[in-house]
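The values are calculated or read from the model by the stated rules, or taken from the named source; none is laboratory data. Not measured: the values here are computed from a predicted model. Cβ coordinates were reconstructed from backbone atoms using ideal geometry, including for glycine residues, and neighbour counts include every protein chain displayed. Protein only, heavy atoms only, side chains kept; ligands, DNA and RNA dropped before computing areas. Shrake-Rupley method; radii C 1.70, N 1.55, O 1.52, S 1.80 Å.
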Amino acid sequence: MSRSKRSIVTLISRISLVGIAICTAAMVILLSAFNGIEHMIEKLYTEFDAPLTIEHQHRKTFLLTEVPMAELKGLAGVAALSPELEELVVLRKERRWINATLHAVDPTFFKYTKLNKHLMNAVGIDSWKQGNTAYLGLDLFQKLHLTLGSDFHTIQLYAPKRNVKMRLGRSPFHMETLPISGAINYNQEVNASALLWDYKRASQLFDYHGSCTRLNVFLAPTTDPVALQKKLMERLGPEFNVKTQLEKNELIFKTSRSERLVVFIILLFVFVLASFNLVATLTMLYIEKQDNLHVLRAIGMSEKHVFYIFFLEGLLLSVLGIITGLVLGLLLCASQIYGQWLIVPGANVPFPIQFKLTDFATILLSASSLAFLFSYFPVRFLFSRSLKAKH
């Protein structure tokens, strides 16, 4: 009977150890995966956007003379300023019509948003220096049935005129023939809607001389965007709004972080379920060691010291499982980072993994806290029940 009990206790102990290790490893892997995805999203959505953008609080456009350009350029941390016009337009190629969002920008924008890196097959890599050229998002490019490297990439652009009354024989649209130099591939949103064109040509066509929808602020390396944002808001006053990249794409980043938090909570709940095996282990161990406990009490060991024996047994199992899980999780993450054996379906890129020390501390603290609770209270309950039975 004793051997049977001992084998059951050993089995449950191993199951408890494996369960805690797997849950801890899962927390490491999933949090690292979410960090990698968040970093990838941040990279995709911030390379097209300037680190800081200045917009008017009440108007769609504002004159550049309303902003102290020379003073802003002289601020520490400001590398360049770039005006941008944004308009909803319609594009036509033969009988194909499609809506797009025009981003009229200058060469500074092309330089700092790393256009060369995001051009498909590097086609049109030097065309932006010539001025009258345009780039289409990859999805728009494909929907208009354009071909990279062709000499016949011209499309018609239609944009509504401002403050124009409808009259017979008078077109309500601005029209322009645009040569398309290449296709850009930043992210899904940009690919599906963006048309990049020259700022000067667009401002002439739309009669927006000296105006812009937003002023893009590009920063010098190591500059803190939040600190610079505060300085800009102090100088510009309440009429203007200064946004960081994270604020511009707030919904995307909040959604990613919310998903990460929900997954972490679910994994903690799974860890709690796995810890019930620890409760079963300590209970079976307490029952199996009753004869030994009588001997220990007979030679003078106090109930307090007996309690600590079982409590430390539970902690030892938990800590061993947590350390095993952390090591296993880190090894798997490292194998993905260096081996790149897992590929994102459809994107043909390695699944991103990024482990942070803050995550390590969070996992260690939360897992250790739960291990302490599931070791202390079950043993306390068993000893209090045993004392009541004696009395």
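Yes or no: the range 259-268 includes at least one residue that is in contact (Cβ under 8 Å) with a residue 24 or more places away in the chain, touching a strand residue (DSSP E or B) at 6+ places or on another chain (Cβ under 7 Å) and assigned to a helix (DSSP H, G or I). No, the range 259-268 contains no residue that is in contact (Cβ under 8 Å) with a residue 24 or more places away in the chain, touching a strand residue (DSSP E or B) at 6+ places or on another chain (Cβ under 7 Å) and assigned to a helix (DSSP H, G or I). Could you grab me the full set of residues in the range 92-116 that are open to solvent by 70 Å² or more (accessible area, probe 1.4 Å) and either on the phi > 0 side of the Ramachandran plot or not in a strand (DSSP E or B) (or both)? Within the range 92-116, Glu94, Arg95, Lys111, Tyr112, Lys114, Asn116 qualify. Within the option set Lys243, Lys200, being in contact with an Asp or Glu (Cβ under 8 Å, 6 or more places away or on another chain) and not in a strand (DSSP E or B) holds for one residue only, Lys200.
Which one of these is of a type in the set (Ser, Thr, Tyr), surrounded by 13 or more Cβ atoms within 10 Å (Cβ to Cβ) and free of Cβ contacts under 8 Å to residues at least 40 places away in the same chain: Ser335, Ser275, Ser302? Checking each option against the conditions leaves just Ser335.
For the range 14-68, a tally of residues being open to solvent by 20 Å² or more (accessible area, probe 1.4 Å), closer than 30 Å to Gly321 by Cα, more than 28 Å from the chain's Cα centre (by Cα) and not β-branched (Val, Ile, Thr) returns 2.
Here's the yes/no breakdown for (1) buried (at least 16 other Cβ atoms within 10 Å of the Cβ); (2) part of a loop (DSSP other than H, G, I, E, B); (3) touching a Leu at 6+ places or on another chain (Cβ under 6 Å); (4) at pLDDT below 80:
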| residue | (1), (2), (3), (4) |
| --- | --- |
| Asn163 | no, yes, no, yes |
| Met166 | no, yes, no, yes |
| Arg170 | no, yes, no, yes |
| Glu176 | yes, no, yes, no |
| Ala192 | no, no, no, no |
| Leu196 | yes, no, no, no |
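Take the conditions (1) free of Cβ contacts under 8 Å to residues at least 40 places away in the same chain; (2) touching a strand residue (DSSP E or B) at 6+ places or on another chain (Cβ under 9 Å); (3) part of a helix (DSSP H, G or I); Pro221 misses just one of them, which is (3).
When the residues of the range 82-91 are filtered to those that are among the hydrophobic types (A, V, I, L, M, F, W, C) and open to solvent by 20 Å² or more (accessible area, probe 1.4 Å), the one that is farthest from Pro51 (Cα to Cα) is Val90. Residues in the range 36-57 include at least one that is touching a Lys or Arg at 6+ places or on another chain (Cβ under 9 Å), more than 19 Å from Leu102 (Cα to Cα), of a type outside the set (S, T, N, Q) and in a helix (DSSP H, G or I). For Ile323, the conditions (1) surrounded by 14 or more Cβ atoms within 10 Å (Cβ to Cβ); (2) not in a helix (DSSP H, G or I) all hold with the exception of (2). Looking only at the range 226-240, residues that are charged (D, E, K, R) and either buried (at least 18 other Cβ atoms within 10 Å of the Cβ) or under 26 Å from the mean Cα position of the chain (by Cα) (or both) come to 1 in all. Scanning the range 347-385 for residues being within 33 Å of the chain's Cα centre (by Cα) and either basic (Lys, Arg) or open to solvent by less than 70 Å² (accessible area, probe 1.4 Å) (or both) gives a total of 21. Quick check on this structure: which one of Leu17, Leu64, Leu31 is touching a helix residue (DSSP H, G or I) at 6+ places or on another chain (Cβ under 7 Å) and either more than 30 Å from Ile287 (Cβ to Cβ) or polar (S, T, N, Q) (or both)? Of the residues listed, the single one that is touching a helix residue (DSSP H, G or I) at 6+ places or on another chain (Cβ under 7 Å) and either more than 30 Å from Ile287 (Cβ to Cβ) or polar (S, T, N, Q) (or both) is Leu31.
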